[in-house]
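This report concerns only the one structure given below.
The values are calculated or read from the model by the stated rules, or taken from the named source; none is laboratory data. Here the structure is a predicted model, which is why all the values come from computation and not from measurement. Backbone-built Cβ (ideal geometry, glycine too); neighbour counts: all protein chains shown. SASA here: full protein model, heavy atoms, side chains in, ligands and nucleic acids out. Shrake-Rupley method; radii C 1.70, N 1.55, O 1.52, S 1.80 Å.
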Amino acid sequence: MTEILRRDPRKEWIARNRLHPEHERVLFELGQGTAVATEWMGPNGVIRKNPHGLGFIGPNGIKRIDRSGVQQAPTAGRGAGHSTTTADDRRHVEIEAPAFLVAVVPDMPGGRLSSHDRDLLGLARQLADADSERQGAVLAVVFGSHKEDGFGEAGVDRLLHLDEEVFDGYTPETRLAALSAIERELAPYYWLLPDSKLGGADLGRRLAARIQERPATGVWQIEMDDTCELGWRCTARGAAGTTDIQRALPRVALALSECAEPVSETRHAAQPMALSQALPSQLGRIEDLGQVAVDPAGVALAEAEFILSAGNGVKDWDGFHHAAKVLGATEGASRVAVDDGFMPRHRQVGATGTWVTARVYLAVGISGAIQHLQGIQSCEKVIAVNLDPGCDMIKRADLAVIGDSAKVLAALVDLVAQQREEKRDAA
Amino acid sequence: MQPEAQAPDAQARGALEVAVLVSIGRHPLTGRARRADQDARGVELAMSLDKSRITLVHAGVLDEESEGALRGYLGMGFQALTLVEQPPGADVIPALASALSEAKPQLVITGERAEQGEGSGLLPYLLAERLGWPMVSGLANVEKVENGVATLLQALPRGQRRRLQVRLPAIVTVDGAASAARQSAYGPARRGEMRLAEAPAVFDEASNDWTVQAARKRPKRLKIVKAASARDRFKAAAAKAEGGGGQVLSDVTPEQGAEAIYKLLKEEAVLR
Amino acid sequence: MLETLLPILIFSALGLAVIGAWRRIRLWRQGRPSPVPILKGLAAMPRRYLVDLHHVVGRDKVMSNTHVATAGGFVLAAVLMILVHGLGLAQGVLGWALLVASAIMFVGSLFVARRRRNPPARLSKGPWMRLPKSLMAFSLSVFLITLPTVGVLPADFGSWILAVALAAVVTWGLGEMFFGMTWGGPMKHAFAGALHLAFHRRAERFGGGRSTGLKALNLDDPKVSLGVETPSDFTWNQLLGFDACVQCGRCEAVCPAFAAGQPLNPKKLIQDMVVGMTGGSDANYAGSPYPDKPVGEHHGDPHGPIVAREGKALVDAETLWSCTTCRACVEECPMMIEHVDAIVDMRRFLTLEHGNTPNKGAEVLDNLIATDNPGGFEPGSRMHWAADLNLPVMRDVKQADVLLWLGDGAFDMRNQRTLRALIKVLRGAGVDFAVLGNEERDSGDVARRLGDEATFQSLAKRNIATLSQYRFQRIVTCDPHSFHVLKNEYGELGGNYEVFHHSTYIAELYEAGRLHFAPWKGGKVTYHDPCYLGRYNGEYEAPRNVLRALGIEVAEMARSGFRSRCCGGGGGAPITDIPGKQRIPDMRMNDVKETGAELVAVGCPQCTAMLEGVVDATAEIRDIAELVADALVPESEARAQPTGEARIAIKEVAS
């Protein structure tokens, strides 16, 4: 929508002219309703109100009065010059001399704070701000280059950015050496890491083993408890998520996502910090040879992110395989397609085949037997292409296209190829 | 860091010595003792290695329930399993560390975490720290072992893999993406031998103060709406969850349909 | 000349036959011991042959008569020939009798020859093609040489050339009939078959009995081998049974896996066992091979593995896993060979020792061990489907007339509809019933057919322990697999119950006047016999009686009753899932289509699931319980409009 406010002098004139036959309609169109006439100066200098002029007729034909001001907003906006930017009302917090440090090592996947990281920072804030007399500061330790500029909003008081090449890739030993150095120099009161696979879960356990602290893992809740040594009690998942262990919060904690609310009401300084001593150089025993190019077609169904799945309705199998290749999707199939010999058995999706967890599941010509739908219940987005608008797969789908699957796939392939072409030309 | 505990000279002798640490699993629904899923995958991984000599090691209690579970590992085709007997409630790390430093395997494989007890997943890290060996987590496969260096494939989310090299001896843990364990056969399981080994028991004192109960369902996070007016807050709280039937495009040309699909694929960023 | 030559020929043939018999018996004795009453068995053999075996053979009238003529003629001729020509007792009637016997045999052999002119695909060729000629050679030459003996022709009739020619033909005939009988010719079936009948491992099958339950392994004794690894791991009478095969291919013709193009042919499997027993390759096999598996690539020996861990041995594992244990081959076999027992014995070894149950097999077995049901569902959720039904649970009521065994269908949304219908019927009839609820476990059927005897026994023993806590008259179940296991296989482990399939029980309730039905208004209906109800337990009539009571005239499929074609769901076949050229349930739905029925009545959750999985089916699939529940009218209404007609109808078939 355009931001420029257009005026229509004719309509304004009609709005002023109460005797104009279109007066009411135009008033309504302008969003004023009868509001103009609800309040006026009477002949005796007294303010007169017309209570009947308030409100608007709701969809059920009942008059509604909305006192929140939302309905009036267009009117107000018209006068005040349209949109208002909401003022940043977050409290700015700066902690000059913290009583202690809560060290957080966020995962930073893709160079940004993940929601898990933000939750963890929220948890760190709880620990830091618990005692207003003795306020602590949240220290974020970030490895490698990043693209995040919202550390302050996420609740970071101090930012220790170790931007050296040695931290690129999978370098747990180097990172551990850095954390040990921080432990020695800054001695944080708490260490918080996300209990996330290959991120904090790995590093946090290494750290705990190194500094000989018994960590709490899988923490999802903390409560104040004076009987505990550090004043906090935590609830952690144990036994592969089947038990809850209540224990005193130790110095090192690995927390699950949603362990706390992310910071939203305050802004923090995110003051950069550096270690006084250079990190000792490290002889790595683990060498990262880089990510392996994985052919999406070879990815196991259970792990695949994007599945293009074929059913009984697919007739053009060459086209289907071609589409899977162009889209970079892992191929799946319904039971019938497998039984008919068009697809191998290990590509069968469903309760009797493989249960899949794809982010996007594109089902082509699959009507959606109950077993099949069971197998895709944890897929985030399901797209269906089918000729039959009444089939169960369409009911399940987030987006359904009714039509000939071969044609739709071909069109999609053309579209993707064309977009790639354009991108290449632009680059 | 600490100097390596031992030089990797064993590969000269030919066979690769592999120890797999196995634990008693617990079925997530019935709580029955079983082969722990990841440990069993670890055993499978060890069996897939060329020219390896595999020792299965368990530290813990020997009773009827645990024996059944341990025999599950034997049923994968082993003659014996080393059982370091420990009383209930013991900290098994010292016992395992001494067993491993005695046996001197080149490669120690284990699951990421136990299916019962604390299940913190710390054991491989503590063992690595104690023995001074490198430790790599979340493996999908071991590609090869040559000249005391193992080439590993680490499982990343969504079927992605990362190739790593690590100097042996090392401890590695196995991810759920590693190939599934083979069936445990009744015959070898019944015949397999439990070789008992002694180790001093160190009790885990700290865990006495913990209260353990069945996992509660975690509360679903509510969308907190910071709104000025009560009306907005009410609206947010009473809002129906999104969803409830997707978009259905009928009577569209294939191109329009493809356009809509393309848009969604773009939004979900699955197109590369 | 012939007078001197004949006794020598006869007795040397007999002598060779005896040596051959001894060698053959040694081959059988390689098998494991199995106690059978030797004398009692031998004494029972003629009756078993003449009655039970001919009951099976008699399903094909022409072949039956042919066999009676040929075999009867031969036995008679052989005995008389020894007397007349061997011992020279040619006086009087014996010679004439020999003439008649050889003439009968010759007529029979003409029919055999006619059959061999254009033999159906199921028959083995090779040496079997020369059999009619051998039969004719024997019968004709015996006839001719007897003619001078009885004085129809002069003793010195013909020249010496004729005599030599005749002697040669007699030698051929004697060679095939006596020598070949014990040295491995086609006539081997007569010798091995007779002894097989005498020492059959399931003596209960004779005299109209039924024995279909698998035999338990003794797991307490660590020395007992877990299933069959090598041919010599079979019991000796199983080996004897394999040797009795006549390669008639009736099993092949009815095998659903073979028809679906899966790599199984029961006849070839039995012949492979014979090859394994004697040692060698299957190159000489002259019948249809396993689909897509050329003959001559497999070989075995008595102490070598049947299934190799890698590569090829005697049989490929997928051959064994193709079997649906439908028992059609056993039902059809004129020699009463037990194919299914052999297959399960070999599967046991694959599962218990190799740990090599294919595809989803391992997962299903793990689920059974961990959760007591094949789907891996939470055992505590077994009764969730019936949350609103307020079912009486045995733990609360302790006793009831009927214990309703739900089976694992309780976890399956489709079968829950059947169960609901069945409960409506039981309540409609005012039956005092209760369920085990969450105490029920899988019956162990699938585990056992997949060869996991250990898991089967563990489940069975725990189920028996649970059942022993409660008092009930009978068990009723809508799952024929549970029905069979509870009825026929728990006995060996100490659980003996009176078990009813729901169709039998409903038929009984109806006859007792406790159920009243509204007349049928639907279209044409056919009925699919579940293998585990029909062939395993002989219940063909009760389901049909129930349908008749509902006013349904069943349009029978070409293959129904004891010849019913399997749905493909038995024996863990959907779990092991061996690929073929087509699917077994698709073939079955084609059978349904041929009748033109709009609805198939079934009585088994497996069949329901398999047949409903057929794409573009022409008929709807309903369980009998559902049909009954839909037609149910309360007694008060039933009295107002008597349905006497239907009641008479069922009386007729019941009598």
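Just a few scattered comments:
- At least 30 Å² of accessible area lost relative to the chain alone, listed for the stretch C:225-272 with a 1.4 Å probe: C:Leu226
- Averaged over the residues of B:157-169, the number of partner chain Cβ atoms lying within 10 Å of the residue Cβ comes to 6.
- Residues in the stretch C:330-361 that, when all protein chains are in place, have 20 Å² or more less accessible area than the chain alone would give (probe 1.4 Å): C:Leu352, C:Glu353, C:Gly355, C:Lys360
- Compared with the direct C-alpha span, the chain from C:Arg309 to C:Arg514 gains 68.0 nm at full extension, assuming 0.36 nm per residue.
- Shielding of peptide A:223-236 by partners, expressed as the average count of other chain Cβ atoms within 10 Å per residue Cβ, is 1.
- Mean separation of Cα pairs under 8 Å and 6 or more residues apart, divided by the residue count, gives chain B a relative contact order of 22 percent.
- Gain on full extension, evaluated as 0.36 nm per residue between A:Thr266 and A:Met41 minus their Cα-Cα distance, stands at 76.4 nm.
- Spin-label model, C:Arg32 to B:Glu67: label points 7 Å out along the Cα-to-beta-carbon direction sit 2.4 nm apart.
- Beta bridges by DSSP in the protein assembly as shown, antiparallel share as percent, to the nearest 5: 30 percent
- Antiparallel DSSP beta bridges within chain A, as percent of all bridges there, nearest 5: 25 percent
- R0 of 45 Å, Cβ-Cβ distance C:Glu378-A:Asp425: FRET efficiency to nearest 0.05: 0.20
- Spatially proximal lysines relative to A:Lys11 (Cα-Cα < 30 Å; intrachain offsets below 8 disregarded): A:Lys49, A:Lys63
- Packing-based ranking, highest mean first, of B:152-159, C:20-27 given that Cβ atoms within 10 Å are counted: B:152-159, C:20-27
- Partner aspartates and glutamates for B:Lys235 [C-alpha distance under 15 Å; skip if fewer than 8 residues away on the same chain]: A:Asp66
- With every protein chain in place, the protein assembly as shown: carbon and sulfur % of accessible area (1.4 Å): 54 percent
- Two-site label geometry, C:Val152 and A:Ala302: point separation in nm, points 7 Å out along Cα→Cβ: 7.9 nm
- Most simply put, the stretch C:511-654 has about 10% antiparallel DSSP beta bridges, counting only bridges with both residues inside it.
- At R0 = 35 Å, FRET efficiency that the Cβ-Cβ distance of C:Arg414 and A:Asp318 yields, to 0.05: 0.45
- Listed peptides C:392-405, C:369-382 appear in the order C:369-382, C:392-405 once ranked by packing, highest mean of other Cβ atoms within 10 Å at the front.
- Across the stretch A:296-421, the relative contact order, built from alpha-carbon pairs under 8 Å that are at least six residues apart, equals 25 percent.
- With a 1.4 angstrom probe, the accessible area lost at the B-A interface totals about 7300 Å².
- For chain A, the per residue solvent-accessible surface stands at 50 Å², with DNA, RNA and ligands left out and a 1.4 Å probe.
- Shielding of peptide B:174-187 by partners, expressed as the average count of other chain Cβ atoms within 10 Å per residue Cβ, is 5.
- Rounded to whole Hz, the Karplus (6.51, -1.76, 1.60) HN-Hα couplings of the stretch C:494-504, x for glycine and proline: x, x, 10, 9, 8, 10, 10, 6, 4, 5, 4
- Chain A: most fluctuating residue of A:Pro215, A:Pro194, A:Pro296 per GNM, C-alpha cutoff 10 Å: A:Pro296
- DSSP H segments from chain A that extend 27 Å or more along their own axis, Cα-based, with Kyte-Doolittle mean of 1.6 or above: none
- Comparing B:Arg41, B:Arg113, B:Arg190 in a Gaussian network model of chain B where C-alpha atoms under 10 Å apart are linked, the largest mean-square fluctuation is found at B:Arg190.
- Cα-projected label distance for C:Ala21 with A:Met224, points at 7 Å along beta-carbon direction, nm: 10.1 nm
- Solvent-accessible area buried by C and B, counting both chains, probe 1.4 angstrom, square angstrom: 1300 Å²
- Calculated [θ] (222 nm, deg cm²/dmol) that DSSP helices of n ≥ 4 give over chain C, each run adding -39,500 (n - 2.57): -14000 deg cm²/dmol
- Mean projected area in nm² (Cα convex hull; one quarter of hull surface) for chain A: 34.6 nm²
- Neighbour-limited loop hits for trypsin sites (Lys or Arg not before Pro), the stretch C:539-611 (at most 13 other Cβ within 10 Å; DSSP other than H, G, I, E, B): C:Lys581
- Per residue, the solvent-accessible area of chain C (1.4 Å probe, heavy atoms of protein chains only, all protein chains present) comes to 39 Å².
- Coordinate range along principal axes, alpha carbons of the protein assembly as shown, Å, largest first: 155, 91, 72
- Among C:450-460, B:30-40, the peptide with the highest mean count of other Cβ atoms within 10 Å heads the list, and the full ranking is C:450-460, B:30-40.
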